[in-house]
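The values are calculated or read from the model by the stated rules, or taken from the named source; none is laboratory data. Everything numeric in this text was worked out from a predicted model, so none of it was measured. As a convention, Cβ positions derive from the backbone with ideal geometry for all residues, glycine included, and neighbour counts pool all protein chains shown. We work out accessible area using only protein heavy atoms, side chains counted, and drop any ligands, DNA or RNA first. Shrake-Rupley method; radii C 1.70, N 1.55, O 1.52, S 1.80 Å.
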Amino acid sequence: MTESECRAAIAAEREAWGERLLILGHHYQDSAVTALCDAVGDSLELSRLAAASRAERIVFCGVRFMAETADILARGPEGGENGRSVWLPAPKAGCPMADMAGAEALEAAWARLTEADPKAAWAPVVYVNSTAEVKAFCGAHGGAACTSGNARRVLGRFLGEGRKVFFAPDQHLCANTARQLGLPAEAVALWRRALPDGGLVPQRIRAARLVAWDGCCPIHAGYTPGDVVAARAAHPDAALLIHPEAPTGVTALAEEMGSTKAIIEAVSRAEPGARLLIGTEDHLVRRLAADHPELAIRPLRPIVCQDMGRTTPEALLRVLREWPEETLVRVPDALIPPAHACVRRMLALG
Ligand code: 13P
Ligand code: SF4
């Protein structure tokens, strides 16, 4: 089948399903895939769309945690069968960062933290880049999810209420957001999962405002200050826009740090002729460069998320035609009520 035959076949299936189907795509998908989606967005926008949708079937061109989040929202606060389902065309598309935090290990760390500082009003906050089990852990303890687009709002709310936050899995999003909120670096203690008790003595836990799990996005965390030096040497007058999954030593050198959506908005606001270095996933950077020929857009250093790249138009067509069992994403019923509470609290915070 040629590319154009595949596109035409997808359009025919899409047409036949009408409003009973919603095809969502993350900004890090290849342009050949985003062109076939009903809506393209960052994690926060896509969660909102999944929550608002009444479609019977949502097909998620992205990675598993995003499809799970859509399923948690589509199934409602109680879970169970309601005739709605979520499908992931590339069932192997995971997220290495989400895999760095298991619910059992978080539960054990939570017990240790709350024991070390029992007077504190602890709250868990989990990055949406986490498994459904981890969201259920968070919801069961009264916490909320966040995305890179609302981490500041969500963490700001909990900290503003005098809560002490256990944040997982992304240490860099946590540290960058803490800095945006005006907290000193010492306010964040790092829980090192390979060490007994996270490597934290009780005094350190009591002194911290936030405790961050030591997970990271292996793609964004690979940026170094040396990348910035090299890119600035090649493009001396370019402004750097960077995603908050990058380490603080790199984001501190940027003109602007923001979520995927914030980066896209900053690009749309740039004056013609502006030179921009962008520190995030390369499918998006290449699309921005193609969509904005009036700007000089370069990657800080090209970084590719292999998992995001797994979805192809062919895989999408296969789902729309055959609905293979292995592409159905179904969060276990027992996890839905606490995981739903975790994600709904995030959406309620904005
Ligand atoms: P956004 O929250 O910006 O969509 O990012 C999701 C992601 O996976 C970034 O690596
Ligand atoms: Fe996960 Fe990083 Fe890929 Fe985002 S870019 S899906 S955080 S591995």
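In segment 31-76, one over the average inverse separation of all distinct C-alpha pairs is 10.8 Å, which is the Kirkwood hydrodynamic radius. Seen from Ala123, the other residues with C-beta closer than 11 Å to its C-beta sum to a net charge of +3, counting Lys and Arg as +1 and Asp and Glu as -1.
Projecting the Cα positions of Val229, Leu181, Phe166 onto the charge dipole of segment 165-237 (unit charges on Cβ atoms of Lys, Arg, Asp and Glu, taken about the Cα centre) puts Phe166 furthest along the positive direction.
Computed over the chain with a Gaussian network model linking Cα atoms closer than 10 Å, the most mobile of Leu277, Leu24, Leu181 is Leu181.
Only lysines eight or more places from Lys164 in sequence, or on another chain, were considered; those with a Cα closer than 19 Å are Lys119, Lys135. Shown is the FRET efficiency for Arg153 and Ser4, computed with R0 = 51 Å from the Cβ-Cβ distance and rounded to the nearest 0.05: 0.75.
Each Lys and Arg adds +1 at its Cβ and each Asp and Glu adds -1 at its Cβ; summed about the Cα centre, segment 64-127 shows a dipole of about 200 debye. Normalised by 2.2 N^0.38 Å, with N the number of residues, the alpha-carbon radius of gyration of the chain equals 1.00.
As a length-normalised measure over Cα pairs under 8 Å and 6 or more apart, the relative contact order of the chain settles at 23 percent. Computed from the C-beta positions of Leu328 and Ala187 and an R0 of 51 Å, the FRET efficiency is 0.75 to the nearest 0.05.
This model, with +1 at the C-beta of Lys and Arg and -1 at the C-beta of Asp and Glu, gives segment 186-226 a dipole about its Cα centre of some 100 debye.
Probing with 1.4 Å while keeping every protein chain in the model, the per residue accessible area of the chain equals 41 Å². Springs between Cα atoms under 10 Å define the GNM used for the chain, and in it the highest mean-square fluctuation of Val86, Val229, Val59 occurs at Val229. For Ile23, the residues whose modelled amide H falls within less than 5 Å of its own, excluding neighbours fewer than 5 places apart on the same chain, are Asp38, Ala39, Val59. Apolar share of the accessible surface for the chain: 53 percent from carbon plus sulfur atoms, 1.4 Å probe. Percent of C-alpha pairs per 5 Å bin in segment 108-170, short distances first: 4, 19, 30, 26, 16, 5, 0. Taking the inverse of the mean reciprocal distance over all distinct Cα pairs, the Kirkwood hydrodynamic radius of segment 1-119 comes to 16.2 Å.
With the gyration tensor restricted to C-alpha atoms of segment 284-350, the semi-axes of the equivalent ellipsoid amount to 33, 23, 11 Å, longest first. Extension gain, Glu115 to Arg206, is 31.7 nm, computed as 0.36 nm per intervening residue step minus the present C-alpha separation. The share of Cα pairs per 10 Å bin across segment 205-350, counted from zero up to the longest distance, runs 9, 28, 28, 23, 10, 1 percent. Each Lys and Arg contributes +1 and each Asp and Glu -1, all at the Cβ; summed about the Cα centre of the chain, the dipole is approximately 960 debye.
Placing unit charges on each Cβ (+1 for Lys and Arg, -1 for Asp and Glu) gives the chain a dipole about its Cα centre, and among Leu316, Cys61, Ala74 the Cα reaching farthest toward its positive end belongs to Ala74. In plain terms, the chain from Ala12 to Glu56 could stretch by 14.1 nm, reckoned as 0.36 nm per residue minus the Cα-Cα distance.
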